[in-house]
Amino acid sequence: MWGMERESFDLPEGFWLGTSLSAHQAEGGNFNTWTRWEELPGKIKNRDQSGDACRHWELFEDDFELLRWIGANTHRLSLEWSRLEPQPGQWSNEAIHRYRQMFESLRAKGIRPIACLFHFTLPIWFEDAGGFENEKGIEEFLKFVSRCQKEFGDLVSIWLTMNEPVVYALAAFGAGLTPPGKKDISLALQVVSNLFEAHGRAFAILKNANPSYQISLAHHMRILSPERRFWPLDFLFVKKADAIFNWSLLHFLNTGEVHFQVPGICDLKRRVPEAVGALDFLGINYYGRDYLSFTPLSEEKIKLNQTPNHLDVKTDMGWEIHPQGVDKILHGIKRYGFEKIPLVMTENGIADHDDDLRSQFIYEHFSNFLIGCKKYGLNAKGYLHWSLLDNFEWIDGFYPRFGLFEVDYKTQKRLPRKSAHYFRGIAEKKCVFKPIPG
Ligand code: BGC
């Protein structure tokens, strides 16, 4: 196997081991920008709608028992803004109460909660007022952050200000695949920079409220490769895309500066002094590799290929399984001088209905994370698997199955997959070991 001489790898002392979920993908019964998007024809595969999702809003207590069963000591969830503040300035006591119950339940089970303040969904009133397209949106978000700190800050000490700002902005404002469905790269980059600023300022608000909080954001990092290996334009394009997609956030956190320069599209600069060093750990979401092509004279100039033909083994979504990428990402992180910042894999997972690949997938990614951190002198602090349960996979609807536990959406029964047993073994042995095939 790639780069591995040993077959088991001890978890460092105090390691955060657990899973991640997001509100809209699991809770059910939400009413937000995505609910509205799901109603539009052609937006979601098989015309699925999130609907009841996993009914996690009611079943959270049982679900957290599953966490205990697999031996997790950490769980990441997100706070659904549209539930907490359904109308501007009107907060729901019921929603506050329920999230408090969730955090209390986790803590009572010895599981540290991580609260993410923005995971792709927004209140409709916020998006209709321009959302993160403008400065007003940043201010509104900061009010939300501050209120969440007041409501939950005695139960939560680890915060993610947001999930994947670059992915959110590019999908929602560049590719037009997710709400609000705009197709304007320059606007998308403007939104990225607004979100970076929002992160820096949210970090400051939380830190001022309680200096012992550990605060970060979850940053999606991917390996980007040229689709046509001998086509220079693909190479140049990949270089630019990699700089923006993977590394602009790290540059921003080091310097407080954003500079997006795309010839003929935008030249955008911003300085946010409070963002310098605005992280106590770095959250990395890693899934795999994409192939990019750039053909300026074609109608669709840029193509992103996530489902290459040349692979023998793929996830159910056709994505490449590329654990080697973890090493490349860590190497890059080292180059940005992040040796002292603890690293947490805040998401890593696979759509694998039959569960034939998941345990091996976890083994290869998790061990590469531990090996790479050692190799580059980085601090491996946590691994959170995506996901505890099967859940609503955005534009792909319910068919991708990412859970350690299978969800029967008709009965809402949860069933442990083989990989849930494997994960439990990791927690028990406190080491990542090669799974037994079959
Ligand atoms: C997102 C999750 C999503 C997962 C799998 C991540 O980028 O944060 O919400 O379910 O990818 O596609």
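To the nearest 10 square angstrom, how much accessible area does Ser225 have with a 1.4 angstrom probe?
Near enough 20 Å² of accessible area.
Dipole of the chain, Cα-centred, from +1 at each Lys and Arg C-beta and -1 at each Asp and Glu C-beta, to the nearest 20 debye?
Values: 52 positive and 56 negative charges, 201 e Å.
Dipole size: approximately 960 debye.
Give the accessible surface of the chain per residue, rounded to a whole number of Å², with probe radius 1.4 Å and ligands, DNA and RNA excluded. Present the calculation step by step, with values, prior to reporting the outcome.
On the way: 18090 Å² over 438 residues.
Ligands and nucleic acids excluded, the result is 41 Å² per residue.
Using the charge dipole of the range 48-134 (Lys, Arg: +1 at Cβ; Asp, Glu: -1 at Cβ; taken about the Cα centre), state which of Thr74, Ala129, His97 has its Cα farthest towards the positive end.
Thr74
Going through the cross-link list Lys150/Lys374; Lys143/Lys410; Lys43/Lys301; Lys207/Lys429; Lys43/Lys334, which pairs have a Cα-Cα distance over 28 Å in this structure? Present the calculation step by step, with values, prior to reporting the outcome.
On the way: Lys150/Lys374 38 Å; Lys143/Lys410 39 Å; Lys43/Lys301 22 Å; Lys207/Lys429 35 Å; Lys43/Lys334 39 Å.
Lys150/Lys374; Lys143/Lys410; Lys207/Lys429; Lys43/Lys334, as the Cα separations exceed 28 Å there.
Tell me, what is the FRET efficiency for Ala108 and Gln87 to the nearest 0.05, using R0 = 30 angstrom and their Cβ-Cβ distance as r? All intermediate terms of the calculation are to be shown ahead of the outcome.
On the way: r = 32 Å, r/R0 = 1.08.
So, using R0 = 30 Å, E works out to roughly 0.40.
Based on Cβ point charges of +1 for Lys and Arg and -1 for Asp and Glu, what charge dipole magnitude is obtained for the range 207-257 about its Cα centre, in debye rounded to the nearest 20? Each step should come with its number before you reach the end.
Numbers: 6 positive and 4 negative charges, 15 e Å.
I would put it at about 80 debye.
Tell me, what is the percent relative contact order of the range 135-265, built from C-alpha pairs under 8 Å that lie six or more residues apart?
Values: 134 pairs, mean separation 33.0, N = 131.
Relative contact order here is 25 percent.
Consider a paramagnetic label point 7 Å from the Cα of Leu304 along Cα→Cβ; state which residues of the range 146-183 have an amide N under 16 Å from it.
Those under the cut-off are 163-183.
How big is the charge dipole of the range 133-286 about its Cα centre, in debye rounded to the nearest 20, if each Lys and Arg gets +1 on its Cβ and each Asp and Glu gets -1 on its Cβ? Walk me through the numbers before you get to the answer.
Numbers: 16 positive and 16 negative charges, 46 e Å.
Here the size comes out at about 220 debye.
For the range 311-438, what is the convex hull volume of the alpha-carbon atoms per residue, in Å³?
Output value, Cα hull per residue: 124 Å³.
What is the range 306-438's relative contact order, in percent, from Cα pairs under 8 angstrom and six or more apart in sequence? Write down the numbers at each step before the final one.
Working: 186 pairs, mean separation 30.8, N = 133.
23 percent.
Expected output is a single nm value to one decimal: the length gained when fully extending between Glu61 and His331, i.e. 0.36 nm times separation in residues minus the C-alpha distance. What is it? If you can, show how the numbers build up before the last one.
On the way: separation 270, 0.36 × 270 = 97.20 nm, distance 3.96 nm.
Using 0.36 nm per residue and subtracting the Cα-Cα distance, I get 93.2 nm.
Express the carbon and sulfur contribution to the solvent-accessible surface of the chain as a percent, rounded to the nearest whole number, probe 1.4 angstrom.
Numbers: 9370 of 18090 Å².
Solvent-exposed carbon and sulfur of the chain make up 52 percent of the total.
May I ask for the net charge around His365, where only other residues with Cβ less than 12 Å from the Cβ of His365 are counted and Lys, Arg are +1 while Asp, Glu are -1? Don't skip to the end; give the middle numbers.
Details: positive: Arg358; negative: Asp327, Glu347, Glu364.
So the surrounding residues net to -2.
In the neighborhood of Asp280, defined by Cβ-to-Cβ distances under 13 Å, what is the net charge if each Lys or Arg adds +1 and each Asp or Glu adds -1? Each step should come with its number before you reach the end.
Working: positive: Lys207, Lys340, Lys381; negative: none.
Result for the neighbourhood of Asp280: +3.
Using packing as a proxy for protection, rank 259-272, 143-156 so that the peptide with the highest average count of other Cβ atoms within 10 Å comes first.
Values: 259-272: 13.7, 143-156: 17.6.
Highest-to-lowest ranking by the protection proxy: 143-156, 259-272.
Go through the range 378-391 residue by residue and turn each phi into a ³J(HN,Hα) via Karplus (6.51, -1.76, 1.60, θ = phi - 60°); whole Hz please, and just put x for glycine and proline.
The phi angles translate into 9, 9, 7, 10, x, 9, 10, 7, 9, 8, 4, 10, 4, 7 Hz.
Quickly estimate the mean residue ellipticity at 222 nm for the chain, helices only: each DSSP H run with n ≥ 4 gives -39500 (n - 2.57), and the total goes over all residues, rounded to 500. Let's see the in-between values first.
On the way: 14 runs with 160 residues, N = 438.
Estimated from H runs of four or more residues: -11000 deg cm²/dmol.
Just add up the charged neighbours of Phe294: K/R +1, D/E -1, any other residue whose Cβ is under 11 Å from the Cβ of Phe294. Display every interim value, and only then the final one.
On the way: positive: Arg228, Lys239, Lys240, Lys301, Lys303; negative: Glu227, Asp234, Glu300.
For residues surrounding Phe294, the net value is +2.
Find how many whole Å separate the alpha carbon centroid of the range 304-339 from the alpha carbon centroid of the range 9-63.
That distance is 24 Å.
The values are calculated or read from the model by the stated rules, or taken from the named source; none is laboratory data. Because the structure is a prediction, the values reported are computed rather than measured. All Cβ positions, even for glycine, are placed from backbone atoms using ideal geometry, and neighbour counts span all protein chains on display. Calculation scope for accessible area: heavy atoms of the full protein, side chains included, ligands and nucleic acids excluded. Shrake-Rupley method; radii C 1.70, N 1.55, O 1.52, S 1.80 Å.
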